[in-house]
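Chemist: Can you read through this structure? Questions will come right after.
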Amino acid sequence: MYNNSKMQNDDAQQADDASAEQSPLAVAVQFRKESDRALLNALTALSKVNGITVVQHDARLAVIGELLVSVLTHLPNAMRADIAASFRDRIEDLMGLSDDRCLPEKYHSSLLTEVNRYLNALR
């Protein structure tokens, strides 16, 4: 019984020694796993924050857009025509600036959709 107990203690001691003396490769692998886990957690948190921020930004833009359409519909017709002409000129300048940059088609599509929305409100 004593020998059996001593053998178990020796095995446990060897296991402790082996874990205390991990190879540099094992340490590097463990560090890499922990680093990857921390990075993944940070990316998950960032994605969540960005998603919430985008939704809040969209809500603000929707409210501003509706307010602008409401204001435009109450302007006198002569003023609407002048605003529409000025707006078209400014949008043309804006589109000229965006032509110099490589922007996705979705940007141009969204821009034209919004422009048409406000031009329709000015009619």
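Throughout, read-outs are computed from the coordinates displayed, never taken from laboratory work. Keep in mind the model is a prediction, meaning the values are calculated, not measured. Positions of Cβ are backbone-derived with ideal geometry, glycine not excepted, and every protein chain shown enters the neighbour counts.
Chemist: So what are the ³J(HN,Hα) numbers for the range 109-123, from phi and the Karplus equation (6.51, -1.76, 1.60; θ = phi - 60°), rounded to whole Hz, Gly and Pro as x?
Modeler: Along the range 109-123, the couplings run 5, 5, 4, 5, 4, 5, 4, 5, 4, 6, 5, 5, 5, 7, 6 Hz.
Chemist: Where the only charges are on Cβ atoms (+1 Lys, Arg; -1 Asp, Glu), what is the dipole of the range 22-74 about its Cα centre, to the nearest 20 debye?
Modeler: Values: 5 positive and 4 negative charges, 49 e Å.
The dipole magnitude comes to about 240 debye.
Chemist: With 10 Å bins from zero, work out the P(r) of the range 76-123 over every alpha carbon pair and list the percent per bin.
Modeler: Final binned percentages: 25, 48, 22, 5.
Chemist: What nm distance separates the two modelled labels at residue 43 and residue 67, each placed 7 Å from Cα along Cα→Cβ?
Modeler: Placing both labels 7 Å along Cα→Cβ, they lie 3.8 nm apart.
Chemist: Also, I was wondering about something else. Which whole-Hz couplings ³J(HN,Hα) result when phi for each residue of the range 41-54 is put into the Karplus expression 6.51 cos²θ - 1.76 cosθ + 1.60, θ = phi - 60°, listed in order with x for Gly and Pro?
Modeler: 5, 5, 5, 4, 5, 5, 4, 5, 5, 5, x, 5, 5, 5
Chemist: About its Cα centre, what dipole magnitude does the range 76-123 give when the only charges are +1 on Lys and Arg Cβ and -1 on Asp and Glu Cβ, stated in debye to the nearest 20?
Modeler: Values: 7 positive and 8 negative charges, 57 e Å.
Charge dipole, the range 76-123, about its Cα centre: 280 debye, nearest 20.
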